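Below is one structure, written out as structure tokens, with a few remarks after it.
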Amino acid sequence: MRLNLTLALTLGLAGWALPAIAHGVTVEHRQVSSVEISAQFETGEPMANAQVLVYTPDNPAEPWQQGTTDDQGRFSFTPDASQPGSWEVMVRQAGHGVLTTIPVADPASENSASSPGTEADAEPNSLISPSTGLSPVQQGITIGSVIWGFIGTALFFARGKR
């Protein structure tokens, strides 16, 4: 009887949902005469002194500019106006990071949505969805593991005493 109670309490505590201690990352940007980014963890804590790599649309394999964020998680750069397109910015720190794409319009284009000197809307980008904290693959693996655990526990108790 005491063994069954201990086992029930152990299984009950093992199944208790604990909060995951992980950081999603959000990077926001706005374009004025230069591109200003603000990097922070999903908790709101700034990514201070994080590594920043900026890639041009023409050469996404080699960084065009490297730097670090300030104490508030901010970094700015002025893209080369002769290279319009999607610039990529990688911000990473201590195993956490995000790659975000920043559109840079051709200043000669009449269809330009934003011209230098005007603010563009901030576009947050994140590798991990802040609402769930898990990617769909991770969610599937977690659900499968829980189901497999229930099946294993049921088979263990169903086998009876030997």
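The values are calculated or read from the model by the stated rules, or taken from the named source; none is laboratory data. Everything quoted here is computed from the prediction, not taken from an experiment. We place every Cβ from the backbone using ideal geometry, glycine too, and count neighbours over all the protein chains shown.
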Do we find that SER135 is in contact with a strand residue (DSSP E or B) (Cβ under 7 Å, 6 or more places away or on another chain), loosely packed, with under 15 Cβ neighbours inside 10 Å, at pLDDT below 85 and not charged (D, E, K, R) in this structure? no
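The rows are residues; the columns are (1) closer than 17 Å to VAL91 by Cα; (2) at pLDDT 75 or above; (3) assigned by TED's automatic domain parsing to the domain that holds GLN93.
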{"site": "LEU3", "(1), (2), (3)": "no, no, no"}
{"site": "SER33", "(1), (2), (3)": "no, no, yes"}
{"site": "ILE37", "(1), (2), (3)": "yes, yes, yes"}
{"site": "LEU53", "(1), (2), (3)": "yes, yes, yes"}
Provide a single number: the residues in segment 59-85 that are modelled with pLDDT of 90 or more and exposed (fewer than 13 other Cβ atoms within 10 Å of the Cβ). 4
